[in-house]
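Notes follow the structure.
The values are calculated or read from the model by the stated rules, or taken from the named source; none is laboratory data. Keep in mind that this is a model prediction, so the values were computed, not measured. Methodologically, a virtual Cβ is constructed for each residue, glycine included, from the backbone with ideal geometry; neighbour enumeration extends over all protein chains shown.
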Amino acid sequence: MALEPFEPDPGHAGEGKRTLISQPLDILPRHYRWTVTKLLDHCSQLDDESFHRVFPIGLGSLHDTIRHMIQCVRSWVARVKGERPERAATRLTIAELRNLLEISFTEIESLINAYRDRLDKISSEVFEEAGSRVTVRFTAGAAVTHCLVHTSYHAAQCVNMLRQLDAPRPLPELDVMDFFVSTEPEAESKE
């Protein structure tokens with residue numbers, strides 16, 4: 001599935017030119033979805049043992065780390081909505097992880113869209129969650145930023161695991177600029 005981080009440029013309608021999206025609240029969820037999709041695409045080339053092999057980084061395995069990345073988004077969306085986060089099943093197939101990724105993407109996009117007309121609220125509405133050790137106070141903006149940026153942290157761990165597994169090369173490049181370069185039509189034709 002090709003992801004389009006572009007919006008049509010009305011000044012160049014019919015010429016096939018597009019303008020890049022520039023709002024972080026548009027970029028971050030698309031980058032999250034693209035990153036996890038790239039990791040799952042790469043992991044689909046591995047055998048089950050490699051996908052579940054435990055490493056002393058991340059949450060242990062590619063499976064567990066990717067599941068955590070997806071669950072993190074779902075959990076923070078639930079917290080902002082005042083709901084109790086759902087727990088994902090312990091062991092999921094790549095197809096099941098792809099399905100949860102799409103659900104989480106829809107959830108985070110819906111949350112962001114709920115704040116579009118009142119962006120002042122995304123940084124001023126304060127939520128509290130009593131944990132076992134401390135009460136956490138956060139804004140919706142902090143929750144959205146955390147879960148989407150948190151993905152990059154764990155994505156780097158996954159690439160490291162793939163490297164240690166001697167997975168098929170090239171390994172995925174997953175930062176935001178790689179996202180723009182790989183999804184920009186002009187960039188694809190230059191190769």
Per the filter on region 131-172, residues more than 19 Å from ARG84 (Cα to Cα), touching a residue at least 40 places away in the same chain (Cβ under 8 Å) and of a type in the set (Gly, Ala, Ser) are SER152, ALA155, ALA167
ARG169 part of a helix (DSSP H, G or I) and of a type in the set (D, E, K, R) = no
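Condition check ((1) assigned to a loop (DSSP other than H, G, I, E, B); (2) free of Cβ contacts under 8 Å to residues at least 24 places away in the same chain; (3) at positive phi) across all residues:
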{"residue": "LEU40", "(1), (2), (3)": "no, no, no"}
{"residue": "VAL54", "(1), (2), (3)": "yes, yes, no"}
{"residue": "GLY58", "(1), (2), (3)": "yes, no, yes"}
{"residue": "THR65", "(1), (2), (3)": "no, no, no"}
Has region 146-159 got at least one residue that is at pLDDT below 90, out of contact with any Lys or Arg (no Cβ under 7 Å at 6 or more places or on another chain), surrounded by 12 or more Cβ atoms within 10 Å (Cβ to Cβ) and not in a helix (DSSP H, G or I)?
-> no
Could you check, for region 92-111, whether at least one of its residues is more than 14 Å from the chain's Cα centre (by Cα), over 30 Å from HIS52 (Cα atoms) and free of Cβ contacts under 8 Å to residues at least 40 places away in the same chain?
-> yes
Please enumerate the residues belonging to region 76-86 that are surrounded by fewer than 20 Cβ atoms within 10 Å (Cβ to Cβ) and either basic (Lys, Arg) or assigned to a helix (DSSP H, G or I) (or both).
-> ALA78, ARG79, LYS81, ARG84
Among (1) more than 29 Å from SER44 (Cβ to Cβ); (2) touching a strand residue (DSSP E or B) at 6+ places or on another chain (Cβ under 9 Å); (3) at pLDDT below 80; (4) of a type outside the set (Gly, Ala, Ser), where does THR183 come up short?
-> (1)
What is the residue count in region 89-104 for residues that are in a loop (DSSP other than H, G, I, E, B) and of a type in the set (A, V, I, L, M, F, W, C)?
-> 2
Residue pairs qualifying under the 6 Å Cβ cut-off, at least six apart or on distinct chains, with the first in region 14-32 being modelled with pLDDT of 80 or more and the second being not in a loop (DSSP other than H, G, I, E, B), are LEU25/ILE112; LEU28/LEU148; PRO29/ILE108; PRO29/GLU109; HIS31/VAL176; HIS31/PHE179; TYR32/LEU148; TYR32/THR151
Which one is farthest from ILE112 (Cα to Cα) among residues in region 67-79 that are of a type outside the set (Ser, Thr, Tyr) and in contact (Cβ under 8 Å) with a residue 60 or more places away in the chain?
-> HIS68
